[in-house]
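The values are calculated or read from the model by the stated rules, or taken from the named source; none is laboratory data. Treat the numbers as computed from the prediction; the structure is a model and nothing was measured. Neighbour counts are summed over all protein chains in view; Cβ atoms, including those assigned to glycine, are modelled from backbone coordinates with ideal geometry.
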Amino acid sequence: MNFTPFDVSRQNIDRQYERYSAAANKERSEELYKKIRAAFDTEEYAVLGKAKANEVYLDGTELFINPYDIFADLCDSDVMSTPIRIRKEIYSSFHKKSGEARRLSNIGAIFANGDYSHTMPDWEKLLEVGLTGIITEAGERLSRCEAGTPEAAFYEAVKITYEATARFALRLASALESTEGANAAFAKENLKAIASRAPKTLAEAMQLYFIYYFVQQKVDGAALRSLGEIDVLLYPFYKSDLERGVSEGEIRELFRYFLFKWNSMRVEANIPFDIAAEPNELTYLILDEYTALDVHDPKIHVKVSGKTPERLIKTVFRSIRDGKNSFVFINDKVIKEALVGIGIDPADAENYTLIGCYEPSAVGKELPCTVNGKLSLPHAISFVMQDIKSGKIKAPETFEDFSAAVFANIDHMAEVAITEINTIEKKYPRFMCAPSMSGTYRDAMERGVDVYSGGAKYNNSSICAYGVATFVDSMLAVRRAVYEEKLISLTSFADVLASNWQGESALRQKILRFPEKYGRGNIEADKYAKDLVDYLSETINGRENGRGGVYRLGLFSIDWIFKSSKTLDATPDGRLFGEPVSKNLCSVPGMDKNGVTGLMRSAMAEDHTKIPNGAVLDVALHPTSVSGDEGLSVMHSLLNTYFMGGGFAIQFNVVSPETLIAAQNDPEKYKNLQVRLCGWNVYFCDLEREVQDNLIAGMKNV
C-alpha cells in the first residue's frame, strides 16, 4: 500500500475538523441551508423530505481536502448543524412541555425529551453489501410498492440517500484528482471503490466507516454512538489483506490512521467501539496500536465472558495502569439476561453492542433511544421535606409512611417523564427520521418503515435514575435519626435541611458517622439499595413507550449530577446544598470506608439483570496497590469477583489523589494526565474545578 507513514502525517491530522470548520463560508452555508429546508418541506412524508434534503446537502456542500489524511470526509461543517436546526424548528412549532414536566425539569428533578442519538447502524450488513447493495435492495422493494404509499416513500428515501452518499464519495475522489501526494491518491482509489461496490479491503472498509458516519451523524442528524465490535467486523478484511500480501506493518499503519482520525473529531463523550469477549489476533493488534497512540478517544468497551482469555484482560489492565484508561469492562452474561428480560429474543440478545457509555442494544434489531428520561432520586426526598416545612403535608408518624410519601414522588416523577416522552415519540414521524440508518436495519427494510417510526424489531426507550447512594444514605439517616433514635423531629429536620444545616453541625457530623452507608458492604444499606432497584425496575421496565416499544431502566448518571444538584436542597445524609449527589453505582464520596471490596459488595447486592439500560461501578485504585505482575493479578481478581457477583459494568482509575492535587496546582506539568470520567475519558486538567474536586473526593479512601 502506497501512503505516507502515519507519524509523518499525525500533526496535520490532529484537530483537522476544527481547522476546516473555521474555514467554512458562512454566507454560502446559509444559502445551502435554505435549499435543504425547502427540499425537506416539499414532501408529504417527512422521510422522503429528509432524503431530498440529504441529496441537496451531499451534492452541494463545499468540500475540503486534507492531503495528509488517507481517509476523506471533510466538508462545510457549518451546514452540519442543519438537520438539528430543522428538527428543532419543526418540533418547537407543535410541541410544548406540559406544565408539570416543565416545572420538574426546571428544578433538575427529571429530564424528559426525545432521544435522537445513542444509535448504531447494522455495521455488519453495511460492510457486507456496501452502499450499492442497499441502493439495489431499496430499488427492488420500491418497484414492488404502490406509488404514493408510505412504504414507497420510505424506499425511495433510502435509495435517494444512498445514491447521494455514493455521489458524495465520488465528489471527494474527484477533488483528490488535483491533490498531490501518495495519501491523496490512496484515498481517491478507496472512495471510488466504495461508491461502486461493497468494500473488499481493510482500507476500503475503513473509508466506508467514515463516509457512513458522516452521513448518519451530520446529514441525517441521528447521532451515531458506536463503531460496533470492530475486531470482529474488520477481521475478514484483515485476513483478506494478509492473504493478498499486505504486510502486518502496513495494516498497523492503517489502524494508526483509522483510530487517530476518530480522535481528531473530538466527538462529545468520545466515540466508542467494542472488543469481543472471544478475541482474535486483530484484537491485540488494535489494542497495541491504540495504546501506542496515547489518545483517550475512541473509548473501548471490553466484553468479558467465561471464555475471555487472561491475556486480553491483563493487556487492558496494563494500559489502564499506565494511565491510558479509556476502557470499561462489560459483563457479557448479565447484559444478555437483561436484554432478554425486556422481551428481546435470546438469539437477538447474543449479538449486542454497547451504545454510548454503557447501554446495550441488539445489533440491527433495536433502536433503544437510551437517554429519553432521567430521574434524580434525591429530589423525591427533598419534595417531601419541602412539603413538611411549608405545611402542605403533616409529618408522617412512621418511617413506613415517610417512605411511602417519598416513593409516591418517584412514581409521580416517572409518570410525568413517561407521559412527556410518549407524547414526543408519537410525533417522530413528523420531524425525525433517518433513511441512512434505516437502510441497514433488515426489519425496517422489510416493513418499509423508518427506524424512528417503529421500523426496528424493538423500538425501546429508556429512563435513567441516579443518585442511588445519596438516596439510600438519606433514607436510612431519616429512619435512624428521626424514627429510631429520635435525635430530631421530622419537622425540625425539614427546617435544618432548608437552612443547609445551619447551626446543626454536630447533628450533621453524627449522621455522617452513621454506619448504614451504601458502599461499605453494610447489610442494611445494601438491602435497601436492592429493594430500591427492584422497585425502580417494576416502575419502569416494560412500560409502553410512544413508538411501539418498552422502557428500559438505567442506573448511570454521566455528568448530570453536577447540574441537577445545583437546585437540590441539602439532603438528610449530610450533603450540603449544591454539592453533587452520588454518581453511577458509587458511594457518596468519602463514605466507602471499607475499601473497594466493600464498595463492590454494595453494588453486587442489586440485581443488575433488572437494569437493561446499563449501570456502572467506578473503582479508584492507588498505583502502589497494583504495581508489578502481582498488581495485574489483583486487578483481574477484582474484575472476576465483581462479574461473578452479577455486576453489569466496571471502570477503573489507577491514580493517587496526591497526583490529582498536584495536577490542579501545576496543570502544565500534568497536561496529559487521563482520567475516566462518567462514561468517557478526559484530560484531568481540562476539567472544571468542581469536577476535579469531585474526583479527588471520590478517591479519598484509595
Being of a type in the set (S, T, N, Q), touching a Gly at 6+ places or on another chain (Cβ under 9 Å) and surrounded by fewer than 24 Cβ atoms within 10 Å (Cβ to Cβ) narrows it down to one residue among Thr179, Thr149; which is it? Thr149
Residue check: is Lys610 basic (Lys, Arg) and more than 30 Å from Leu377 (Cβ to Cβ)? no
Taking first residues from segment 1-26 that are aromatic (Phe, Trp, Tyr) and second residues anywhere that are surrounded by 15 or more Cβ atoms within 10 Å (Cβ to Cβ) and part of a loop (DSSP other than H, G, I, E, B), the pairs with Cβ under 8 Å that are 6 or more apart or on different chains are Phe3/Ile70; Tyr17/Leu74; Tyr20/Phe64; Tyr20/Asn66; Tyr20/Leu74
Out of all the residues in segment 355-364, is one or more of a type in the set (Phe, Trp, Tyr) and more than 30 Å from Lys125 (Cα to Cα)? no
Does Thr470 qualify as being in contact (Cβ under 8 Å) with a residue 12 or more places away in the chain, of a type in the set (Val, Ile, Thr), surrounded by fewer than 17 Cβ atoms within 10 Å (Cβ to Cβ) and touching a helix residue (DSSP H, G or I) at 6+ places or on another chain (Cβ under 9 Å)? no
Of the conditions (1) over 22 Å from Ser557 (Cα atoms); (2) of a type outside the set (Val, Ile, Thr); (3) buried (at least 21 other Cβ atoms within 10 Å of the Cβ); (4) at pLDDT 95 or above, Met475 fails just one. Which one is it? (1)
Subset of segment 215-245 that is within 21 Å of Lys159 (Cβ to Cβ), in contact with a strand residue (DSSP E or B) (Cβ under 8 Å, 6 or more places away or on another chain) and assigned to a helix (DSSP H, G or I) - its residue that is modelled with the lowest pLDDT: Gln217
Under 24 Å from the mean Cα position of the chain (by Cα) and assigned to a loop (DSSP other than H, G, I, E, B): does that describe Cys464? no
Going through Ala223, Ala184, Ala203, Ala138 one at a time, which residue ends up being touching a Pro at 6+ places or on another chain (Cβ under 6 Å) and either closer than 19 Å to Ser264 by Cα or surrounded by 19 or more Cβ atoms within 10 Å (Cβ to Cβ) (or both)? Ala184
Selection count where residues are crowded, with 19+ Cβ neighbours inside 10 Å and under 18 Å from Asp231 (Cα atoms), scope segment 295-314: 10
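So which residues in segment 467-493 are of a type in the set (Val, Ile, Thr) and not in a helix (DSSP H, G or I), if there are any at all?
Once the filter is applied, which keeps residues that are of a type in the set (Val, Ile, Thr) and not in a helix (DSSP H, G or I), segment 467-493 yields only Ile488.
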Can you pull out the residues in segment 33-52 that are touching a helix residue (DSSP H, G or I) at 6+ places or on another chain (Cβ under 6 Å) and either part of a loop (DSSP other than H, G, I, E, B) or of a type in the set (Val, Ile, Thr) (or both)? Ile36, Glu43, Tyr45, Val47
For segment 432-452, give me each residue that is surrounded by fewer than 24 Cβ atoms within 10 Å (Cβ to Cβ) and either in a helix (DSSP H, G or I) or of a type in the set (Lys, Arg) (or both). Arg442, Asp443, Met445, Glu446, Arg447
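Filter segment 636-692 down to the residues that are of a type in the set (Gly, Ala, Ser) and under 21 Å from the mean Cα position of the chain (by Cα), then identify the one that is modelled with the lowest pLDDT.
This residue is Gly679.
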Find the residue count for segment 1-23, including only residues that are within 29 Å of the chain's Cα centre (by Cα) and under 30 Å from Glu55 (Cβ atoms). 8
Could you tell me which of the residues Ala405, Ala380 is aliphatic (A, V, I, L, M), part of a helix (DSSP H, G or I), at pLDDT 95 or above and in contact with a His (Cβ under 9 Å, 6 or more places away or on another chain)? Ala380
For the condition surrounded by fewer than 20 Cβ atoms within 10 Å (Cβ to Cβ), aliphatic (A, V, I, L, M) and modelled with pLDDT of 90 or more, what is the one hit in Ile84, Ile90, Ile107? Ile107
Looking at segment 617-633 only, could you name the residues that are of a type in the set (Gly, Ala, Ser) and either surrounded by 19 or more Cβ atoms within 10 Å (Cβ to Cβ) or assigned to a helix (DSSP H, G or I) (or both)? Ala620, Ser625, Gly628, Gly631, Ser633
Can you list residue pairs whose Cβ atoms sit under 7 Å apart, with the first residue in segment 621-639 being farther than 17 Å from Thr597 by Cβ and the second being outside any helix (DSSP H, G or I) and at pLDDT below 95? Count only pairs 6 or more apart in sequence or on different chains. Pro623/Val654; Pro623/Val655; Pro623/Ser656
Within segment 19-29, track down each residue that is surrounded by 13 or more Cβ atoms within 10 Å (Cβ to Cβ) and part of a helix (DSSP H, G or I). Arg19, Tyr20, Ser21, Arg28, Ser29
For Cys369, which of the numbered conditions (1) in contact with a Ser or Thr (Cβ under 9 Å, 6 or more places away or on another chain); (2) surrounded by fewer than 21 Cβ atoms within 10 Å (Cβ to Cβ); (3) at pLDDT below 95; (4) of a type outside the set (Asp, Glu) fails to hold? (2)
Please list, ordered by first then second residue, the pairs with beta carbon atoms under 6 Å, 6 or more apart or interchain, first in segment 137-154 and within 15 Å of Gly439 (Cα to Cα) and free of Cβ contacts under 8 Å to residues at least 60 places away in the same chain, second assigned to a helix (DSSP H, G or I) and of a type in the set (D, E, K, R). Gly139/Lys159; Leu142/Glu156
For segment 35-49, pairs from a residue that is buried (at least 22 other Cβ atoms within 10 Å of the Cβ) to a residue that is basic (Lys, Arg) and in a helix (DSSP H, G or I), with Cβ under 6 Å and 6 or more apart or across chains, are Ala46/Arg430
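Among the residues of segment 408-431, write down those that are over 24 Å from Thr539 (Cα atoms) and not in a helix (DSSP H, G or I).
Result: Lys427, single match.
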What residue, of Asn280, Asn331, Asn325, is touching a residue at least 12 places away in the same chain (Cβ under 8 Å), in contact with a Gly (Cβ under 7 Å, 6 or more places away or on another chain) and of a type outside the set (A, V, I, L, M, F, W, C)? Asn331
